[in-house]
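Notes to accompany the following structure.
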Amino acid sequence: MTPIRHNHGDGDAVLDAARDCVLAVGVRRTTLTDVARRAGVSRMTLYRRWPDVRTLVGDLMTREWIALAVSAIPPVRADATTRARLVDGLVGGVAAFRAHPLFHKIVDVDPELLLPYLLDRRGASQDALLGLIAGALAEGHADGSVRRLHPDLQARSLLLVVQSFAMSLRTMTEPDDPALTDAAFLEELRILLERTLTP
């Protein structure tokens, strides 16, 4: 999978360069000097916005994960309920997230980078994802296709479910058992989401 290049100014050029560096050597071996050189900007330009590599990688993850989530949401169709679109988007988002090369590199080389967002606090990516989910839930409440519940509780519960599938699925699959494949678990996720969201 070839990463999409974003060319909307120095900020995106720097994030593109950071992604290339992380994919090449991981987060711990990436330096701001390497990123500046690859982006074609001065180190001072970088330091004014990002004091360290972890802050820069945090912004990179937010950009990549939100773009991925938005692209996973299917277009509005007259024959599809908001619930169906939300379920399709969440399941598709988990599959796309797990296939993303940046996610693979971080899990394989720098997994400790993800731990604070799983154990201690929400990150900017999670807050943005909650906003997307909450917006879809509000539409589903309005058209009657989604079970009504406190919107924050519902959005956060959904994120906990899909986050666990995205982060931990490989600990549960069995390559030699056709009943325990990635596809089988994603179909089970679809059923779980559909049942919890149906009024």
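If I model a spin label as a point 7 Å beyond the Cα along the Cα-Cβ vector, how far apart are those points for Thr171 and Ala128 in nm?
Label at Thr171, label at Ala128, 2.7 nm between them.
Trypsin sites (Lys or Arg not before Pro), restricted to segment 45-123: which are DSSP loop and have at most 16 other Cβ atoms within 10 Å?
Numbers: sites: Arg48, Arg49, Arg54, Arg63, Arg77, Arg83, Arg85, Arg98, Lys105, Arg121, Arg122; in loops: Arg77, Arg121, Arg122.
For trypsin sites (Lys or Arg not before Pro) across segment 45-123 that sit outside H, G, I, E and B with at most 16 neighbouring Cβ atoms in 10 Å, the list reads Arg77, Arg121, Arg122.
Starting with the fewest neighbours, write out Tyr117, Tyr47 ranked by other beta-carbon atoms found within 10 Å of each beta-carbon. Numbers along the way, then the final one.
Numbers: Tyr117 17, Tyr47 12.
Final ranking by Cβ density, sparse to dense: Tyr47, Tyr117.
Helix by helix through the chain, keep the DSSP H runs that span 24 Å or more along the axis on Cα and average at least -0.5 on Kyte-Doolittle, and give those back in order. Intermediate results must be reported in sequence, preceding the final value.
On the way: long enough: 53-72 (28 Å, 0.82); 82-99 (25 Å, 0.63); 124-143 (29 Å, 0.57); 151-168 (25 Å, 0.72).
Span-like helices here: 53-72, 82-99, 124-143, 151-168.
Going by how many other Cβ atoms sit within 10 Å of their own, how do Leu137, Leu180, Leu113 line up, fewest first? Mind showing how you got there, number by number?
Working: Leu137 23, Leu180 12, Leu113 18.
Listing Leu137, Leu180, Leu113 from fewest to most nearby Cβ atoms yields Leu180, Leu113, Leu137.
Taking 0.36 nm per intervening residue step and subtracting the Cα-Cα distance, what contour gain separates Ser164 from Arg190 on full extension?
Here the answer is 8.0 nm.
Out of segment 131-162, which trypsin sites (Lys or Arg not before Pro) are coil in DSSP terms and have no more than 16 other C-beta atoms within 10 Å?
Working: sites: Arg147, Arg148, Arg156; in loops: Arg147, Arg148.
Sparse-neighbourhood loop trypsin sites (Lys or Arg not before Pro): Arg147, Arg148.
Using a simple spin-label model with points 7 Å from Cα along the Cα→Cβ vector, what separation in nm is obtained for Thr45 and Ala84?
Distance between the two pseudo-spin positions: 4.8 nm.
Using all alpha carbons of the chain, what is the percent of pairwise distances in each 10 Å bin, ordered from the shortest bin to the longest?
8, 32, 32, 20, 8, 1
Bear in mind that the values in this text are calculations on the coordinates, not laboratory data. Note that the coordinates shown come from a computational prediction; the quantities given were computed from them, not determined experimentally. Virtual Cβ from ideal backbone geometry, glycine too; neighbours counted across all protein chains shown.
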